[in-house]
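Reviewing the structure listed below.
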């Protein structure tokens with residue numbers, strides 16, 4: 001294989017609110033920490049152990065504004081992107097390094113909340129109630145409307 005691949009897929013919970021930085025020209029960046037957990041049982045002690053990895057997530061422009069508007073600390077999100085290492089000079093003159101996930105795609109996984117703090121129910125309601133068959137009862141499927149010309 002002659003090509004290379006830099007792709008990351010994470011599902012985790014926000015560790016803090018989205019922090020926005022705005023630039024001249026209307027561009028912006030949103031940053032937030034994302035926690036992913038791994039749980040296992042210690043074979044020697046039988047104790048359940050959970051370890052957490054923290055990832056620095058970076059979203060840009062319109063995606064950043066959407067994340068700021070809809071995400072809060074603790075929300076679950078799927079992010080897809082690429083790993084980017086960055087370095088800069090700190091105020092103390094030291095060179096600092098960080099590893100970030102530059103997001104290319106994301107999906108909110110937490111249920112949407114209403115203003116009152118209650119979860120919003122789905123706006124799509126079934127047209128008719130389906131009756132569940134009793135044990136041993138034979139269920140007949142309705143015949144489909146076939147208007148096929150052949």
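Values for this structure:
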item: Spin-label proximity, residue 78 to region 2-46 - amide N less than 15 Å from point 7 Å beyond Cα toward beta carbon; result: 8-13
item: Spin-label model distance (nm) - residue 62 vs residue 95, 7 Å beyond Cα toward Cβ; result: 3.8 nm
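Values quoted throughout were computed directly from the atomic coordinates according to the rules given, and no laboratory measurement underlies them. For clarity, every value in this text was computed on a predicted model and none was experimentally measured. Backbone-built Cβ (ideal geometry, glycine too); neighbour counts: all protein chains shown.
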